[in-house]
1. Counting other Cβ atoms within 10 Å of each Cβ, which GluC sites (Glu not before Pro) in segment 124-215 have at most 13 and sit in a DSSP loop?
2. Considering the chain as a Gaussian network with a 10 Å cut-off on Cα pairs, which listed residue, A142, A120, A233, attains the greatest mean-square fluctuation?
3. Relative contact order for the chain using alpha-carbon pairs under 8 Å, separation at least 6, rounded to a whole percent?
4. Neighbouring Cβ atoms within 10 Å as the yardstick, rank L17, L125 fewest first.
5. Around T69, what is the net charge, scoring Lys/Arg as +1 and Asp/Glu as -1 over all other residues with Cβ under 13 Å from its Cβ?
6. Post the alpha-carbon centroid distance, segment 171-200 to segment 231-247, in whole angstrom.
7. Taking a ≥ b ≥ c as the square roots of the Cα gyration tensor eigenvalues, with a/c under 1.5 meaning rounded and otherwise prolate when a/b beats b/c, else oblate, which class fits the chain?
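Nothing in this text is a laboratory measurement; each read-out follows from the coordinates by a stated rule. All of these numbers come straight from a predicted model, not from anything done at the bench. Methodologically, a virtual Cβ is constructed for each residue, glycine included, from the backbone with ideal geometry; neighbour enumeration extends over all protein chains shown.
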Amino acid sequence: MAQTHTIAELLAKASGLEVELVPITSEGDRSTEPLSSLGGTGVFAIGLREALLDGRCDVVVHSLKDLPTQSAPGLVISATPKRADARDAVCARDGLTLDTLPAGARVGTGSPRRMAQLRARRPDLDVVDIRGNVDTRLGKVASGELDAVVLAAAGLGRLGRLDAVTEFCGLDGWPTAPGQGCLAIETRENPERVLALAVASVNHGPTRTMVSAEREVLRLLEAGCSAPIGAHAMIDDGLIFLSARVYSADGSSALTASHAIYVADYPKPAETVASQVAHELLQLGAAALVPLGSSS
């Protein structure tokens, strides 16, 4: 709701139209089951997309990392605003960090990727599968139920809760979910001109290219958005750099591939560099680490 309110204000300013917020509760919001048992992919998007298709709303705002790589018939991602902080953040008691948490400390996350990364970094920690919104998760640390939680820095920033962060995880050693830190604005195909222009005004081209490359790796690996895969792209001096890492669920193994190409040299640079990275990961044996073929 916080991120949707921000986008609504931008669309109202760009279009001159009154914008109404329409709250939608998804299966991912209602269920307390682990993401892995829900299938992960799309559980936060299905309800929103149904509301868009049946006309209850004209625009939906997604956290891009939760959006399936396969497009929905009749719908289109019309814009991706400039990306916020893509890093994960540790929120621990007593100002602790991942390295200073004591052995046996209870660390909560609902992400299979973060679970694998925590187990790889600190196999002596007790990694706890949790669900709930940001305040619920931070409350588990404040109450002493958990010693720490790992959350997206972008979400904490949008909610004004960066004061809870005790450590930011660097992207080189701790790649995050494809599209993390980015929002996706989805509309029906061929929206009215005034809406199309308003949505286009908040699109950020470089962000779109970078997150498209990250998500294309997921699509090519046929892995869902809950798979233990981290990917991050950046554009610098005309080059797009893309790195992706695939983890085993228990964190005992990981494979990494990185490639870079000049954006101007290819008609579809995001797809090209993602193809190079995904091909290398498959050659290295990625299919043996994660359940592939489940993307939707």
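1. Values: sites: E145, E167, E186, E189, E192, E214; in loops: E145, E189, E192.
Counting only loop positions with at most 13 other Cβ atoms within 10 Å, the GluC sites (Glu not before Pro) in segment 124-215 are E145, E189, E192.
2. It is A142.
3. On the way: 604 pairs, mean separation 67.5, N = 296.
Worked out over the chain, it gives 23 percent.
4. Details: L17 13, L125 19.
Taking fewest neighbouring Cβ atoms as first place, the list is L17, L125.
5. Numbers: positive: K65, R215, R219; negative: D66, E214, E216, E222, E271.
After counting each charged neighbour, the total is -2.
6. Cα centroid of segment 171-200 versus Cα centroid of segment 231-247: 18 Å apart.
7. Since a/c reaches 1.5 but b/c is at least a/b, the shape of the chain is classed as oblate.
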